[in-house]
Every structure is written in structure tokens, then in C-alpha cells.
Amino acid sequence: MNELSWITTTFFGKSIVDSFNFEKDQQWSGCIIDDKLIEFYKSLYIDSKDSEIARLEYLEKSGILIKYNVPLKSKVNMMHYAIDWPKGNKTNPTEDTIKTAFMKHNKSIDSEEVKIKIENTIKFLNYSLK
């Protein structure tokens, strides 16, 4: 008799649920660094010779993180650290690059929700590159 065995790993917990819910609330295509993670990061370096603020400033100055007023569905837009993805490309992305990315795999961009996300992503692109 042949037996088939599956080995799986499942991750669950409050942080996974929070991340899932936070992602659903965003009205753009981007990546937010949750304030809880920033506070945890700061707590790791409290006793360090280099202050956590200097380290966060380095991540901002190097183009890895950016403070941005992130568009959310459920509340007033809030300032968060976000990955500054437009600066991580060999050539600067354009509005057409974003629209093309949203249309990949024959996806429609005609719904109002998608149009809002495209518009907000373009606003982030322009903010990042100025």
C-alpha cells in the first residue's frame, strides 16, 4: 500500500492576522512597515552606542524607507514608514509602468477600487521621486 504524506508548516497568530487586515485596508500598491515593528526595532537599540533614530534616519536617507501619508479605507490616512520601492529601480518607474503592472495577467483596471489604487500608487511614486 502506498502512503502519501504531507509535511506542512503553518504560521498563525495575532501578528499574521494584523498584517492581513492591515494589507486589506490599504488603498495603494505599496508596503507599510507597521508602527509596532518600528517600536520593536527601536527597543532593540535603546542601549546601543548608535541611537535607533540615527539608524531609522539612515534607512530613510539611503532610500530604503520613506515616511508617507498612506491611503487607507477605514480611517484617515496615516503617516507610516513604507518601503521606498521607486528608488530601488535601475530606472525610475513611470505612471505607465504602474498601469501596466496593474493590468498584468489580463487583469481589468476598470473597477473604481482599482482606479483609486492606481491613482494613489501614482501619487506615492511622484512623492518618492521628488
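The values are calculated or read from the model by the stated rules, or taken from the named source; none is laboratory data. Bear in mind that the values here come from a model prediction, so they are computed numbers and not experimental data. Neighbour counts are summed over all protein chains in view; Cβ atoms, including those assigned to glycine, are modelled from backbone coordinates with ideal geometry. Note: accessible area is taken over every heavy atom of the protein model, side chains too, but ligands, DNA and RNA are not part of it. Shrake-Rupley method; radii C 1.70, N 1.55, O 1.52, S 1.80 Å.
Remark: the stretch 65-130 carries 67 Å² of accessible area per residue (probe radius 1.4 Å; ligands, DNA and RNA excluded).
In this structure, the residue pairs whose Cα-Cα separation is over 26 Å, taken from Lys67/Lys99; Lys42/Lys99; Lys36/Lys107; Lys107/Lys130, are Lys42/Lys99; Lys36/Lys107; Lys107/Lys130. Which loop-located trypsin sites (Lys or Arg not before Pro) does the stretch 61-111 contain, where loop means any DSSP state but H, G, I, E or B and the Cβ has at most 15 other Cβ atoms within 10 Å? Qualifying residues, ordered by number: Lys73, Lys75, Lys90, Lys107.
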